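One structure below.
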Amino acid sequence: MRLVHTVAEVRREVAAWRAKGESVAFVATMGNLHSGHLDLVAEARAKADRVVASIFVNPLQFGPNEDFDRYPRTLPDDCAKLDPAGCDLVFAPSVDEMYPRGRNNIAQVSVPGISKLLEGEFRPGFFEGVATVVSILFHIVQPDFALFGRKDYQQFLVVRRMVAELHMPLQIVGVPTRREPDGLAMSSRNQYLDPHERSLAPGLYRALSAVAQRLRSGSRDFQGLEEEARRVLEHQGFKPQYLVIRDADDLGAPRADASAWVLLVAAHLGRTRLIDNLEISL
């Protein structure tokens, strides 16, 4: 496995693979890797001859009061995990390498509509930051496949739509959420939880699972189910920002006659903001 820091190095390596007719899969990360990230690499390894992973804490997707400065930078540990997982190339650029003209006036990619809902409402500019950096990375790596975790479900939909509408020549592959034994979705932010908060955190998944069971049993009182689940979370010590039932394809309002929905939640537990989702198919 090679570690590189410049666009030119990535392009030279990928060009050499392409000259031999090899396919390329790509995993974009912000580092501080856990088993969920390694699932993406394993899926990438199964999809293509070569695997590229990026490690870049993207300032464009952090708001002014978010945790950009304290987001863990763990490059040596990340590389130690990626090598045995089957990664061929790690691209760990600096901010200046990614945004050589500065990040304040950079051309940005925006996916209208879906980017303004839910996460987009509570984190203005977040999805513009995601779409912009992912677009740049796709242009650098030029992969055949790109793997994204479905834990960040709305992000997965935004990227998939961007690729489709901009006619980018690659396939977006969604990989199921990896969970801890108690149900908590794996996330780099879980390490911010203190022991008591960590004991409460699986309540997020339990709340989604309870709603899912009611939907599978025939309930279609979407608003009532949402409100009840939010009250349960508040009683357990969470501060929910949203807990909603949405159409699985576009996050529009749920239809009673649909056969697929997604439950999405974002809530604070102490100082830590957690998100999760649960896909439901009848």
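The values are calculated or read from the model by the stated rules, or taken from the named source; none is laboratory data. The structure displayed is predicted, hence computed values, not measured ones. Positions of Cβ are generated from backbone atoms using ideal geometry, with glycine treated the same way; all protein chains shown enter the neighbour counts.
General observations
- Some residue of the range 35-48 being part of a loop (DSSP other than H, G, I, E, B), among the polar types (S, T, N, Q) and assigned by TED's automatic domain parsing to the domain that holds Gly129: no
- Taking the numbered list (1) in contact with a Gly (Cβ under 8 Å, 6 or more places away or on another chain); (2) surrounded by fewer than 19 Cβ atoms within 10 Å (Cβ to Cβ); (3) part of a strand (DSSP E or B) in turn, Leu3 passes all entries but (1).
- When residues of the range 49-72 are limited to those that are out of contact with any Ser or Thr (no Cβ under 7 Å at 6 or more places or on another chain), touching a residue at least 40 places away in the same chain (Cβ under 8 Å) and closer than 15 Å to Ala28 by Cα, the one surrounded by the fewest Cβ atoms within 10 Å (Cβ to Cβ): Pro59
- Sub-7 Å Cβ pairs linking a first residue in the range 168-197 that is touching a residue at least 40 places away in the same chain (Cβ under 8 Å) and crowded, with 16+ Cβ neighbours inside 10 Å to a second residue that is of a type in the set (Ser, Thr, Tyr) and in a loop (DSSP other than H, G, I, E, B), at least 6 apart or interchain, are Ala185/Thr177, ordered by first then second residue.
- Candidates Arg189, Arg161, Arg123, filtered to the one that is at pLDDT below 95, out of contact with any strand residue (DSSP E or B) (no Cβ under 7 Å at 6 or more places or on another chain) and within 23 Å of Met98 (Cβ to Cβ): Arg123
- Of all positions in the range 246-268, none carries a residue that is in contact with a strand residue (DSSP E or B) (Cβ under 8 Å, 6 or more places away or on another chain), assigned to a helix (DSSP H, G or I) and among the aliphatic types (A, V, I, L, M).
- For the range 241-282, a residue qualifies if it is over 24 Å from Pro195 (Cα atoms), touching a Lys or Arg at 6+ places or on another chain (Cβ under 9 Å) and not charged (D, E, K, R), and the qualifying residues are Tyr242, Leu243, Gly252, Ala253, Pro254, Ala256, Trp261, Val262, Leu263, Leu264, Ile280, Leu282.
- The sole residue among Val41, Val14, Val10 that is over 23 Å from Pro100 (Cα atoms) and either at pLDDT 95 or above or not β-branched (Val, Ile, Thr) (or both) is Val41.
- When the test is whether a residue is among the acidic types (Asp, Glu), in contact with a helix residue (DSSP H, G or I) (Cβ under 9 Å, 6 or more places away or on another chain) and more than 30 Å from Asp69 (Cα to Cα), Glu227 does not pass it.
- Selected residue (only one of Asp250, Asp276 is surrounded by 19 or more Cβ atoms within 10 Å (Cβ to Cβ), of a type in the set (D, E, K, R) and within 18 Å of the chain's Cα centre (by Cα)): Asp276
- Scanning the range 49-71 for residues that are assigned to a helix (DSSP H, G or I) and hydrophobic (A, V, I, L, M, F, W, C) yields a single hit, Leu60.
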